[in-house]
1. Output wanted: per-residue J couplings in Hz (rounded whole) for region 60-76, from phi through Karplus 6.51 cos²θ - 1.76 cosθ + 1.60, θ = phi - 60°, x for Gly and Pro.
2. What's the ranking of 51-58, 84-91, 64-71 by average number of surrounding C-beta atoms within 10 Å, highest first?
Amino acid sequence: RNTESIVHLVNASVLPAGATFRNPPTFMPPTSPLARFDFQASQRAALFEVESLLDHLFQHANTPVFIAKKLIQRFTTSSPSPAYIMAVADAFRTGAYRQGDIML
């Protein structure tokens, strides 16, 4: 069971007072009955969870733009133009580019 709980900070030295954060979701706690009785089955279930999350993130509409911007900022310029980001994002999305298409 994945129960949401929100932590409210009152007197924090690092974060501002009144800040909140949510606990990270867990799908397979280590104390689950599945983990205790069948370790291989729990490993397979964990692998399926990770693969489905990666598929979900990879298919998200903002992933190509996010990846493109981070790659451009890391390897070329810190403030790329929107056209440059979209050209790289399109190459990421389609999986193909021609020499000269991305140089904007």
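1. Working through the residues one at a time gives 5, 5, 8, 4, x, 5, 4, 5, 4, 4, 5, 5, 4, 5, 6, 10, 10 Hz.
2. On the way: 51-58: 10.4, 84-91: 18.4, 64-71: 16.1.
By packing density, highest mean first, the sequence is 84-91, 64-71, 51-58.
Every read-out reported here was derived from the displayed coordinates using simple, explicitly stated rules and does not represent laboratory data. As the structure is a prediction and not an experimental result, all values here were calculated from the model. Quick reminder, even Gly has a Cβ in these numbers, built from the backbone with ideal geometry, and neighbours come from all protein chains shown.
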